[in-house]
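The values are calculated or read from the model by the stated rules, or taken from the named source; none is laboratory data. Source: prediction; values computed, not measured. Heads up, the Cβs are rebuilt from the backbone with ideal geometry, glycines too, and the neighbour counts pull from every protein chain shown. All accessible areas refer to the heavy atoms of the entire protein, side chains included, with ligands and DNA or RNA removed. Shrake-Rupley method; radii C 1.70, N 1.55, O 1.52, S 1.80 Å.
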Amino acid sequence: MRIAVYPGSFDPMTNGHVDLVRRGCHIFDRVLVAVLCNTEKSPLFTVEERVGMVQSVFRRESRVQVKAFSGLLINFLKTEKTNIVLRGLRVVSDFEYEFQMALMNRRLDPDVETVFLTPKEELSYLSSRLVKEVHRLGGDVSGLVPPLVYRSLRKKLPNGLPKS
Ligand code: PNS
């Protein structure tokens, strides 16, 4: 059974992340979404909220699992008995950061392989950070995140938009 771990902050999960998980499911038997329990960044959603949202989004997709993790990713991979990391590459500017992480993970554990997939082109500008910023400032992000994430965003950060 080939399990790919897709790690990230997912604060919150966007349609770009959803697209990537589904692409991963075409290649791997399981995609395990690993939600970082951030200690340095102060996320908008708690790790429990983020895990809960991802679980709800994929509740009908049996190949997708969701877990929280903290500490080094390579240790989480060992616990989950896999050596495959899945990450998204949206634009060229992602490359440097992703390349550094992939090589550092390989340095820490030579067996680790990072697989990059690209999301649908129309989602390539999307990021959790931009979604939060636009929403906070009153812009409409309803088509950029799954509907339940949008509802959670509106509860967490009321932004004056009329109720849908
Ligand atoms: O969504 P993000 O914030 O870009 O995800 C970054 C993530 C979670 C993949 C990265 O920060 C990570 O793997 N953190 C765990 C700690 C770790 O292993 N750091 C060394 C990796 S180079």
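Counting helices only, and only those DSSP H runs with n ≥ 4, report the 222 nm mean residue ellipticity of the chain as the sum of -39,500 (n - 2.57) divided by its residues, in deg cm²/dmol to the nearest 500. Intermediate values should be presented prior to the final figure.
On the way: 6 runs with 67 residues, N = 164.
-12500 deg cm²/dmol, from helical runs alone.
Give LYS41/LYS156; LYS41/LYS81; LYS41/LYS120; LYS41/LYS67; LYS78/LYS120 a once-over and call out the pairs whose C-alpha atoms are over 23 Å from each other.
Exceeds cut-off: LYS41/LYS81; LYS41/LYS120; LYS78/LYS120.
Could you provide, to the nearest whole Å², the per residue accessible area of the range 3-124 with probe 1.4 Å?
Accessible area per residue: 55 Å².
Would you pull out the residues with amide H under 5 Å of THR114's amide H, same chain only if 5 or more places away, H placed 1.01 Å from N?
Answer set, sorted by chain and number: VAL85.
Counting only DSSP beta bridges with both residues in the chain, tell me the antiparallel percent, nearest 5. Walk me through the numbers before you get to the answer.
Working: 0 of 19 bridges.
Here the share of antiparallel DSSP bridges comes out near 0 percent.
So how far, in whole Å, is the C-alpha centre of the range 91-164 from the one of the range 17-46?
First find each Cα centre; the distance between them is then 10 Å.
Report P(r) for the range 3-124: all Cα-Cα distances, bin width 5 Å, range 0 to the bin holding the largest distance, values in whole percent.
2, 11, 22, 24, 24, 14, 3, 0
Nearest 0.05, what FRET efficiency do GLU96 and ASN75 give at R0 = 30 Å with Cβ-Cβ as r?
Details: r = 25 Å, r/R0 = 0.82.
The pair GLU96/ASN75 has a calculated efficiency of 0.75.
Return the sequence-ordered ³J(HN,Hα) values of the range 57-68 in whole Hz as given by the Karplus equation 6.51 cos²θ - 1.76 cosθ + 1.60 applied to θ = phi - 60°, using x for Gly and Pro.
4, 9, 4, 9, 10, 5, 7, 9, 10, 9, 9, 8
How compact is the range 90-162 by the rule of thumb for globular proteins, expressed as Cα Rg over 2.2 N^0.38 Å?
Taking N as the residue count of the range 90-162, the ratio is 1.48.
Of all the accessible heavy-atom surface of the chain, with the other protein chains kept in place and a 1.4 Å probe, what percent is carbon and sulfur?
Working: 5100 of 9500 Å².
Carbon with sulfur: 54 percent of the solvent-accessible area.
Quick one: 3J(HN,Hα) in Hz for the range 31-36, Karplus 6.51/-1.76/1.60 with θ = phi - 60°, rounded, Gly and Pro as x.
Calculated HN-Hα couplings, in order: 10, 9, 7, 9, 8, 5 Hz.
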